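The values are calculated or read from the model by the stated rules, or taken from the named source; none is laboratory data. All figures in this text were calculated on a predicted structure; none of them were measured in a lab. Note that we place each Cβ from the backbone using ideal geometry, even for glycine, and neighbour counts take in every protein chain shown. The protein model used for the area step is the full one, side chains on, heavy atoms only, and it has no ligands, DNA or RNA in it. Shrake-Rupley method; radii C 1.70, N 1.55, O 1.52, S 1.80 Å.
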Amino acid sequence: VDASHRINIINLIFTEFKEHQLIITTHDIVLYREILELEKLYGGNSKFKNIEICEWVKDEGPILDDTRSEIEKLIQLSNNHRTDKSILASATGIFLELLLSKLRYSLELSIPAKYQDKYTIADIWNNLYSKLKKNKEFYNSNSKVLDAINTSKFIRNTNGCHYNEWAQGVSKDEIRQFTNNVISFYEIIYCSNCNSLIKKSNGNEDYQCKCSRLQYQKSKLLIS
């Protein structure tokens with residue numbers, strides 16, 4: 001199925017086959033994640049069962065695992081005090097990269113092209129950070145989170161990707177704070193009501209989700 005038709009087909013299945021029990025299998029991880037996201041609009045976790053075949057063992061058959069969303073996995077890692085700090089840093093960085101790759105399109109960021117779209121966090125974040133600061137309502141409401149991520153985004157590479165002796169001095173609490181900031185960032189740019197990220201509206205730099213629960217106006221200045 002062509003990528004442009006996937007969402008339409010999934011929506012068709014959910015709307016036209018409500019009274020049927022369907023079993024959908026796929027090797028396409030992108031399609032799988034799209035299905036997981038759309039499920040939230042059609043009954044949530046109580047209505048659907050998602051199972052991932054993690055491995056196949058000759059004597060035991062398939063090793064199954066209940067599937068959680070990426071944000072749920074990150075929250076679980078953060079809440080588990082036994083999680084190694086390098087693993088937490090890596091998972092947080094990967095999740096931030098996922099958000100940035102989506103915001104790149106929804107907010108129409110101007111990013112210089114790279115071969116095979118091999119962008120780093122900094123490539124997209126620097127442009128996004130500058131753009132979001134121009135939206136007065138967004139920045140005045142969320143400056144603490146944005147500024148914190150901007151100053152700690154190095155943690156992804158120093159502690160989550162490569163070994164750096166001096167980086168071992170970064171404490172687990174600092175990394176967990178980085179994780180919490182990324183989770184907070186997700187909550188201000190993603191609407192769980194309509195299952196959508198904020199995007200440009202009215203042809204300008206105002207941002208809102210599909211149902212308008214999240215709205216940020218460029219010209220609106222909050223005074224506390």
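Hey, what D do you get for the chain in µm²/s if you plug the Kirkwood alpha-carbon radius into Stokes-Einstein at 20 °C and 1.002 mPa s? Walk me through the intermediate numbers first.
Working: Rh = 19.7 Å.
D = 109 µm²/s.
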Worksheet, complete the sentence: Among 206, 173, 59, the residue with the largest mean-square fluctuation in a Gaussian network model of the chain built from Cα contacts under 10 Å is 59
Worksheet item: Can you list the HN-Hα couplings for region 192-200, worked out from phi with the Karplus curve (6.51, -1.76, 1.60; θ = phi - 60°), rounded to whole Hz and with x for Gly and Pro?
Response: 6, 6, 10, 6, 8, 7, 5, 8, 5
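Compute the relative contact order of the chain as a whole-number percentage, counting only Cα pairs closer than 8 Å that sit 6 or more residues apart in sequence.
19 percent
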Item to complete: First compute the accessible area of the chain with a 1.4 Å probe, then give the percent of it belonging to carbon and sulfur atoms.
Response: 50 percent
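Kindly give the semi-axes, whole Å and largest first, of the ellipsoid equivalent to region 23-124, taking each as the square root of 5 times a Cα gyration tensor eigenvalue. Numbers along the way, then the final one.
Numbers: eigenvalues 155, 77, 51 Å².
Equivalent ellipsoid semi-axes, largest first: 28, 20, 16 Å.
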Worksheet item: Rounded to two decimals, what ratio of Rg to Rh does region 1-60 give with C-alpha atoms and a Kirkwood Rh?
Response: 1.01
Worksheet item: Using alpha-carbon positions, what is the distance between the centroids of region 6-55 and region 69-91, in Å?
Response: 25 Å
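With a 1.4 Å probe and all protein chains left in place, how much accessible area per residue does the chain have, in Å²?
Dividing the accessible area of the chain by its residue count gives 63 Å².
How large, in Å, is region 92-143 by the Kirkwood hydrodynamic radius built from its alpha-carbon pairs?
Values: mean 1/r = 0.0857 Å⁻¹.
That comes to 11.7 Å for region 92-143.
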Worksheet item: Where in region 16-53 are there chymotrypsin sites (Phe, Trp or Tyr not before Pro) that are in a DSSP coil and have at most 14 other Cβ atoms within 10 angstrom of their Cβ?
Response: 17
Worksheet, complete the sentence: If the chain between residue 113 and residue 154 were fully extended at 0.36 nm per residue, the gain over the current Cα-Cα distance would be 12.5 nm
